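Structure record follows, encoded as structure tokens.
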Amino acid sequence: MPDDVLIRDARSDEANFAAEITREMVVEMQGYGGRTAAASTSAWEKVTARIADDLQLETAKYLVAENASGQRIGYAAARIVTLEGPFEPKRTMHVSVVYVLPDNRQAGIGRRLVEELFDWGRAKGAEYCTLNVLEKNPARSLYKSLGFVDTAIKMTRRF
């Protein structure tokens with residue numbers, strides 16, 4: 001990763017940025033077979049409000065990658081969840097977003113964002129880390145290099 005890239009915690013006033021970059025990610029994921037991004041302003045206002053709430057939580061982590069000139073070029077988010085119900089409780093960190101703007105890819109920024117999330121998750125007592133990735137997403141190679149393995153197949157049927 002370039003020495004001039006800073007990974008930092010998202011500030012409480014960056015919910016709009018986080019929602020916008022999440023939208024960019026979801027739109028890009030459509031090209032890899034993902035679901036269609038919400039089109040309504042109200043849907044994205046709800047996403048922004050949820051992120052604003054999450055930024056106040058101890059169980060959520062939002063990171064921003066910034067270049068030397070202060071331009072935000074990447075973003076990642078995760079939360080601590082306890083998987084339980086009929087299963088033995090397991091404290092898990094779920095990564096919901098890792099996104100680096102296209103002109104800044106292949107420089108180790110995504111790896112660094114995930115590694116920072118790993119550090120936070122371990123400090124919060126998580127035993128496992130999960131994420132969802134589309135089969136055709138080129139980021140799968142990054143996740144595999146970080147030790148993620150395929151553990152489930154999601155099946156979908158259209159009516």
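Using 0.36 nm per residue and subtracting the Cα-Cα separation, the extra length available between GLN106 and THR41 on full extension is 20.2 nm.
Legend: residue pairs LYS61/LYS136; LYS90/LYS136; LYS90/LYS154, Cα-Cα distance threshold 23 Å; pairs beyond threshold, LYS61/LYS136; LYS90/LYS136. With a cut-off of 8 Å between alpha carbons and a minimum separation of six or more residues, what is the relative contact order of segment 6-145 in percent? With pairs under 8 Å counted, the relative contact order is 23 percent. If R₀ is 35 angstrom, what is the calculated FRET efficiency for the pair SER96 and PHE159, using the beta carbon separation as r and rounding to 0.05? For SER96 and PHE159, the calculated efficiency is 0.85. What the phi angles of segment 24-38 give under the Karplus curve with 6.51, -1.76 and 1.60, with θ = phi - 60°, is a coupling list of 4, 5, 5, 4, 5, 5, 4, x, 9, x, x, 5, 5, 5, 4 Hz, glycine and proline written as x. For the chain, taking the reciprocal of the average inverse distance between every pair of different Cα atoms yields a Kirkwood hydrodynamic radius of 16.7 Å.
The loop-placed trypsin sites (Lys or Arg not before Pro) in segment 21-95, going by DSSP, that have at most 13 neighbouring Cβ atoms within 10 Å of their Cβ come out as ARG35. Between ASP150 and GLU24, the simple spin-label model (points 7 angstrom out along Cα→Cβ) gives 3.0 nm. Counting only residues at least eight positions apart within a chain, or on another chain, the aspartates and glutamates with an alpha carbon under 18 Å from that of LYS124 are ASP9, ASP54, GLU58, GLU84, GLU115, GLU116. From least to most packed, judged by other beta carbons within 10 angstrom and beginning with the fewest, VAL100, VAL114 follow the order VAL114, VAL100. Taking the Cα centre of the chain as origin and assigning +1 to Lys and Arg Cβ atoms and -1 to Asp and Glu Cβ atoms, the resulting dipole is close to 660 debye. By the helix-only formula, in which each DSSP H run with n ≥ 4 contributes -39500 (n - 2.57) and the sum is divided by residues, the chain has a 222 nm mean residue ellipticity of -10000 deg cm²/dmol.
Dipole size of segment 50-127 about its Cα centre, with +1 on Lys/Arg Cβ and -1 on Asp/Glu Cβ: approximately 120 debye, rounded to the nearest 20.
The charge dipole of segment 120-159, taken about its Cα centre with unit charges on the Cβ atoms of Lys, Arg (+1), Asp and Glu (-1) only, comes to about 180 debye.
Every read-out reported here was derived from the displayed coordinates using simple, explicitly stated rules and does not represent laboratory data. These figures come from a predicted structure and were not determined experimentally. So basically every Cβ, Gly included, is an ideal-geometry build from the backbone, and we count neighbours across all protein chains shown.
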